[in-house]
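Below: one structure, written as structure tokens.
Only the coordinates and a few stated rules stand behind these numbers; no lab work does. All of these numbers come straight from a predicted model, not from anything done at the bench. Cβ: placed from backbone, ideal geometry, glycine included. Neighbour counts: every protein chain shown.
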Amino acid sequence: MLKRVYLAAGRPAAAEHVIPALIKSKSGLVSMAQIQHRADKAWTEAKLERITFQECRHTGATWLDAAGVSPRIASVWMGHAVPAHQPGAATITLARYTHALTEDVIAAGDRLTAYLQGSVRRATV
């Protein structure tokens, strides 16, 4: 959605803003609280469960990890210190922001069960 707005705005320079502020602040920047308030209102109207921007970051990092994207690249995408300048940045991103997906936990249990059943069969043969 942001990309569409960005392109529709004619690819504004980094100093310009993609999300226009509804209420002008002294800095001219949009406050995260204002954006969260707008999102909360839209989610309430759509009868969706609220999610914070921090939860979105964790979800995005988890999906990047599940998709096999390296922690180094995920770290760059999330705007963390570039790993070349902070060697532990990728590790911090992986440890702090990624979480186990339920389906991955279930799949791991299924793989373990299959392995153990195979081991038991091999041991009794």
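Data for the structure
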| quantity | calculated |
| --- | --- |
| Cβ-derived FRET efficiency at R0 41 Å, residue 114 paired with residue 55, nearest 0.05 | 0.75 |
| Virtual spin-label span in nm between residue 43 and residue 107, 7 Å along Cα→Cβ | 2.6 |
